[in-house]
Amino acid sequence: MKSSTHAVRAMALAGAVALALTACSSSDSGSDPSESATGGTDAAAGLKIGSILPQTGSLAFLGPPEIAGVNLAVEEINAAGGVLGSPVEHIALDSSDGDHAEVATQSATDLISQKVSVIIGAASSAVTRNIVDDITNAKIVQISPANTATDLSGRSPFYFRTAPPDTVQGSALGNLILGDGVTKLGILVFNEDYGTSLRDVVEKTIEDAGGEITYGKAGQEFDPTATSFADAVTAVMATSPDAIAIIAFDQTKSIVPELAGAGFDTSKLYLVDGNTSDYSKDLAEGTLAGAQGTIPGAYPDDAFQTRLKGIDPSLKDYSYGPESYDAVMLAALAAVKGGATDGETIQANMAAVSGANGGTECTGFEECAKLIADGEEIDYKAVSGAGPFNDKNDPSSALIGIYKYNADNTYTWIKAEQGNA
């Protein structure tokens, strides 16, 4: 991949892209690349990307595939000559989780001071709410690969996400549960914005179809910082549900054994993107056999998994890796289309390169950048399967993966359902 022939060809392409776009950058982006953006980024400088993704806290298990997705995209872009002839720089900082808000706040402050044009993250909707205004008010483009809270739709012209809102995952999960013949569902949900937002959609989907939520309605959430969940398990078991959905993060490692100990058939459990994970080292063999979970996005094929493992050989989960990769690709292509790397230029061109205006379908940076250099509109084919951005900067459509747990508490992809945001 890094032969001298490839490098020469890639640099030639980058030069052609830069020359082709210099004359038309003003009309494409409505800004002068020679001027500095309000946020202080030099529009003519190389593309500097920051990430605020979980390296610590209850969501740390999501960090490796997301960070690998960002680094893979940066590596491939730079192998193709970079953006407008300059290499992309990535500064990776920690987001932790909603219970350690100060970590993400400090990371955002650091990245703003370093004059990044784009920030990838956060993974948690609650964390994003703490930092989104500071980031977007600085006219830095924020792209979350994993935020799903419905109230973040249209939060700012500078806020985008490559994961669909809970209206898509919640309805897919509700329909999966209904399709399995469940009429009485208990929900164990933590009192965190991500959890309650997703719970509300699942609840509406079940009740609209004539089903019943036996436990887990508003006011029946558990404290995400609790160390024991015996009271919540006792309460949901008292309602005799046919199945139980667990909407939580790392707390799931404690909740599942509590349910098993209380005599619940754990094959009747349903998990979500925040806790559909590999529990082979955490739970007794067979504990989750037959349980199911949902994760937004297409399950990465073997080729993409291999590329991600080239960045991080220890990867076992791939959740939101494709969405993180797509976020970087879209930002880089928006800079190419606009002819500059400042946040305002990238923001102005994000929807267009995602295919919102139609265009020629393309895959990867090199192919798409060449089409832009040739004066064509493009429709970037997202690895995650997400559709073009809509008027709220959400994916207009997305795939929701359905997974089933094996006897060793690992999970296997079963199918994907298409949903509209």
### Query
Taking only Cα atoms, what is the 0 to 90° angle, nearest 10, from helix 101-113's long axis to the longest principal axis of the chain?
0
### Message
Beyond 27 Å, how much of the Cα-Cα pair distribution for region 279-421 remains, as a whole percent?
### Response
32
### Summary
With +1 on the Cβ of every Lys and Arg and -1 on the Cβ of every Asp and Glu, the dipole magnitude of region 300-421 about its Cα centre, in debye rounded to the nearest 20, is 340
### Task
Largest first and to the nearest Å, give the Cα extent of the chain along each principal axis.
69, 39, 36
#### Entry: Positive minus negative residues near Ser277 (Lys, Arg vs Asp, Glu; Cβ under 10 Å)
-3
### Query
Lys415 to Lys204: extension gain in nm, 0.36 nm per residue of separation minus the Cα-Cα distance?
73.6 nm
## Note on the structure
For the chain, longest principal axis from Cα atoms; helix 193-208 axis from its Cα atoms; angle between them, nearest 10 degrees, is 60
### Summary
Between the Cα axis of helix 343-353 and the main Cα principal axis of the chain, the angle (0 to 90°, nearest 10) is 70
### Query
Mind checking the log10 I(q)/I(0) for region 289-332 at q = 0.21 Å⁻¹? Debye, one equal scatterer per Cα, no solvent, two decimals.
-0.78
### Task
Assuming a ≥ b ≥ c are the square roots of the Cα gyration tensor eigenvalues, decide whether region 335-402 counts as rounded (a/c under 1.5), prolate (otherwise, with a/b larger than b/c) or oblate.
oblate
### Message
When the expected Rg is taken as 2.2 N^0.38 Å, what fraction or multiple of it is the alpha-carbon Rg of region 298-377?
### Response
1.22
### Query
Of Lys337/Lys370; Lys309/Lys392; Lys316/Lys370, which pairs sit farther than 22 Å apart, going by alpha carbon to alpha carbon?
Lys309/Lys392; Lys316/Lys370
### Summary
Taking region 61-103, the equivalent ellipsoid from its C-alpha gyration tensor has semi-axes in Å, biggest first, of 28, 12, 5
### Average projected area [Cα convex hull, region 97-144], square nanometres
2.7
### Task
Using all C-alpha to C-alpha distances in region 113-250, build P(r) with 5 Å bins and read off the rounded percent in each one.
2, 10, 19, 18, 15, 13, 10, 6, 4, 2, 1
### Query
Label-point separation (nm) for Asp231 and His100, each offset 7 Å from Cα along Cα-to-Cβ?
2.6
### Spacing of the two label points (7 Å from each Cα toward its C-beta) at Asp374 and Asp312, in nm
3.6
#### Entry: Spin-label zone in region 377-421 - amide nitrogen under 13 Å from a point set 7 Å from the Cα of Ala289 along the C-beta vector
405-410
### Query
Hey, what do the phi angles of region 359-364 turn into as Karplus ³J(HN,Hα) couplings, whole Hz, using 6.51/-1.76/1.60 and θ = phi - 60°, x for Gly and Pro?
x, 7, 5, 8, 10, x
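Every number here is computed from the coordinates shown, using simple stated rules; none is lab data. It should be emphasised that the depicted structure is a prediction, and the values quoted were computed from it without experimental measurement. Glycine also receives a Cβ, built like all others from the backbone with ideal geometry; neighbour counts cover every protein chain displayed.
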